[in-house]
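The values are calculated or read from the model by the stated rules, or taken from the named source; none is laboratory data. The model shown is predicted, which means the values in this text are computed figures rather than measured ones. Backbone-built Cβ (ideal geometry, glycine too); neighbour counts: all protein chains shown. Just so you know, the surface numbers come from the protein's heavy atoms only, side chains and all, with ligands and any DNA or RNA stripped out. Shrake-Rupley method; radii C 1.70, N 1.55, O 1.52, S 1.80 Å.
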Amino acid sequence: MCIALAVSASAAADTIVLKNGRRIVAENVTDDGTRVTYQTPAGQLTIPKSIVARIEHDDFTYSSASSASSQPPVSAPQVEPVRGYEDVAARAVHGDAVDYSYIAQLETDARSGATIAVAKVAAAHHAAAQYLVGKGDTDAAIQQYRQALVFAPQNVGLLLNLAVLYLRESQFTTALDPLERARRAAPDSADVAKLMGWAYYGANKIDQAIEEWQRSERLRPDPEVEQALEKARRDKSEEDSYREGETVHFDLKYYGGAAPDLARGILRTLEDDFRDLESQLDYTPPERIAVILYTEQAFADITRAPGWVGALNDGRLRIPVQGLTSVTPELAHVLKHELTHSFVGQKSHNRAPTWLQEGVAQWMEGRRSSGDAGALINAAGQGMVPQLGAMGGSWMGLSGNAAAFAYAWSLAVVESIIDAGGVSDISRLLDRIATTSSTEVALQETLHLSYDDLNQQTVAYLKRAYLR
Ligand SMILES: [Zn+2]
């Protein structure tokens with residue numbers, strides 16, 4: 001989502017808070033139970049209620065919620081792979097570290113296949129994985145479960161915990177593999193069905209998601225699953241009225257009103273953008289990306305219409321296209337910008353701070369700081385450099401000018417990083433953010449810069465590049 005240069009908060013403004021933590025300031029917000037409608041300078045925009053967490057009226061208090069972590073449809077069940085091995089768990093993780101040599105010893109003992117030795121391996125890897133999850137290193141935790149499964153391939157607890165980690169990383173198709181193995185081992189597990197529903201839902205296979213959650217309900221009624229099921233049924237009836245198009249990386253849906261040529265043009269543009277982002281950011285999103293065209297919403301170039309939310313990215317790209325018959329340069333910018341958010345979000349496991357998200361998205365769509373450099377250098381000269389540490393969450397508490405400044409500064413920061421070390425530095429930074437507890441630590445470890453250093457580098461870059 002891009003809120004370009006948000007207008008200053010007028011008394012009539014409300015804030016729509018999306019389930020992914022992002023916020024939209026809008027006027028005349030109405031909620032009819034299934035859809036939320038609001039006014040923008042370019043007309044009325046409607047978004048499905050299913051993506052909205054709440055609407056705040058005249059309330060501009062800061063939310064400390066992280067800016068872009070998508071809310072899973074159901075929570076992960078707590079399933080212990082084995083019980084009664086607390087001593088093993090305590091030895092596998094102690095002194096704030098995983099004891100890999102102890103685990104290696106357990107694995108050597110377990111080669112005999114003895115039941116107790118295998119259970120110890122499962123307990124140790126599970127403890128190590130949970131510790132690594134707590135540290136934010138999901139990839140390393142996944143390795144722990146995969147290693148444990150070599151010894152205990154049918155352990156439902158290990159399989160489910162592994163699946164949950166894939167699901168949290170949006171690797172929905174990959175998650176199906178351990179889930180299918182878990183189903184063979186435990187055909188009547190409600191937890192397996194619950195998680196399979198999550199996997200299918202995430203992969204946009206709504207029919208199969210509904211089937212799995214129904215099965216889960218039959219096996220063990222669960223209010224949470226019931227709610228997810230209801231939401232999936234609503235999504236299905238909404239999406240049944242869409243037409244569809246599909247390419248290698250995208251699933252496109254649109255109401256009948258869109259010109260088929262426009263839909264094809266958008267898919268072609270997105271495929272080109274995908275290949276470009278894939279090579280620039282050295283990352284391939286694991287799942288097809290869903291794109292929804294809103295044919296009844298007026299299109300406005302977000303970069304030129306203050307206060308207008310031109311497009312949304314809540315995991316799906318939602319693009320208003322009314323009045324367009326082909327991909328205009330402005331639409332092309334919006335598509336690249338929103339698709340970049342998908343790449344940056346997924347590559348960083350939804351941890352990239354807002355300044356980095358918006359900086360990279362603007363850079364990828366082709367914006368540069370030339371027009372703003374003078375004002376940014378002046379502001380810096382007066383000691384008005386923004387604190388990057390405070391720009392990681394929502395920007396909606398900012399006034400209109402401050403928000404415009406935040407976008408411009410973020411672009412300049414990203415430009416300076418790319419100027420110093422190429423786009424590959426952005427790629428490395430995102431990878432590190434995915435596995436590190438804080439952005440500043442990741443910045444220090446990859447680029448050897450503190451936030452202050454980065455701001456100084458940005459000022460020096462702006463002067464060098466634009467003051468002549
Ligand atoms: Zn944006």
XL table K194/K231; K231/K336; K49/K205; K49/K135; K194/K336; K194/K236; Cα-Cα > 25 Å flagged, in table order, is K231/K336; K49/K135; K194/K336
Residue-count net charge about D272 - beta-carbon cut-off 12 Å; Lys, Arg +1, Asp, Glu -1: -1
What is segment 148-292 by shape, rounded, prolate or oblate, if you read a ≥ b ≥ c off the alpha carbon gyration tensor as root eigenvalues and call it rounded for a/c under 1.5, prolate for a/b larger than b/c, and oblate otherwise? oblate
If you roll a 1.4 Å probe over segment 95-213 with all protein chains in place, what percent of the accessible area is carbon or sulfur? 48 percent
For K120, go through the aspartates and glutamates and keep the ones whose alpha-carbon is under 15 Å away, minus same-chain ones fewer than eight residues off. E80, E86, D87, D99, E107, D109
Prolate/oblate/rounded label for segment 391-468 (Cα gyration tensor, a/c 1.5): oblate
Please give the solvent-accessible surface of D96 in Å², to the nearest 10, using a probe radius of 1.4 Å with every protein chain present. 100 Å²
Tell me the net charge near D191. Cut-off is 13 Å between Cβ atoms, D191 excluded, with +1 for each Lys or Arg and -1 for each Asp or Glu. -2
Of the listed peptides 344-357, 113-126, what is their order by residue-averaged count of other C-beta atoms within 10 Å, with the highest listed first? 344-357, 113-126
First compute the accessible area of segment 342-394 with a 1.4 Å probe, then give the percent of it belonging to carbon and sulfur atoms. 45 percent
Roughly how many Å² is the accessible area per residue of segment 80-195, as a whole number, for a 1.4 Å probe? 45 Å²
Classify segment 92-186 from the C-alpha gyration tensor, please: rounded if a/c falls under 1.5, else prolate or oblate depending on whether a/b exceeds b/c. oblate
Using alpha-carbon coordinates alone, the radius of gyration and Dmax of segment 326-468 in Å work out to 14.6, 45
Among W409, Y466, S438, flag the residue with its Cα farthest along the positive direction of the charge dipole of segment 367-468, charges on Cβ as +1 for Lys/Arg and -1 for Asp/Glu. Y466
